[in-house]
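Asker: Could you have a look at this structure, given as structure tokens, before my questions?
Bear in mind that the values in this text are calculations on the coordinates, not laboratory data. These numbers were taken from a predicted model, which means no experiment stands behind them. Virtual Cβ from ideal backbone geometry, glycine too; neighbours counted across all protein chains shown.
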Amino acid sequence: MGTKLRAQCKACGFRSEDLYTGFGFQGAGDHYMWPAICPKCQSFGLKDQRHPPQTCRRCRSVMVFYGSQDFSQKYYPDQTKAEPVGEDASSNILIGRHVCPSCGKVELTFEDVGYWS
Ligand SMILES: [Zn+2]
Ligand SMILES: [Zn+2]
């Protein structure tokens, strides 16, 4: 059960598939799936936030969760190149703009499209 989100980027037109965030499909309640991005290869997808670190399937880097307060710190290894992201202001990913996995600009927005169970 959880919230169904969709992400889209105004800059490049990226649209995610429906993201079934929340407790995992296994029903054990021990998973909490949440959107994350790989700081190295920009792979994007749901990862289990209850069990960090989660590694990227492609390059094995540690994925960074959207909405986490240290997003910027973890996503930008070089802090002088860090851009202001929604996470700096709010842990609610529906607020603000986020890093786009497709073009890398801080233009990604998340939309709540309902509950799933
Ligand atoms: Zn990666
Ligand atoms: Zn984009």
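Asker: Return the Rg/Rh ratio of the chain with Cα-based radii and a Kirkwood Rh.
Answerer: Numbers: Rg = 13.5 Å, Rh = 14.3 Å.
Radius of gyration relative to Kirkwood radius: 0.94.
Asker: A further question on this structure: Can you tell me the dipole magnitude for the chain around its Cα centre, using point charges on the Cβ only (Lys, Arg +1; Asp, Glu -1), in Debye to the nearest 20?
Answerer: Values: 14 positive and 12 negative charges, 80 e Å.
Here the size comes out at about 380 debye.
Asker: Continuing with this model, one more query. Hey, which of these cross-link pairs are over 22 Å Cα-Cα: Lys74/Lys105; Lys40/Lys105; Lys10/Lys47; Lys4/Lys74; Lys10/Lys74; Lys4/Lys40?
Answerer: Details: Lys74/Lys105 16 Å; Lys40/Lys105 14 Å; Lys10/Lys47 24 Å; Lys4/Lys74 25 Å; Lys10/Lys74 24 Å; Lys4/Lys40 26 Å.
Too far apart for the 22 Å limit: Lys10/Lys47; Lys4/Lys74; Lys10/Lys74; Lys4/Lys40.
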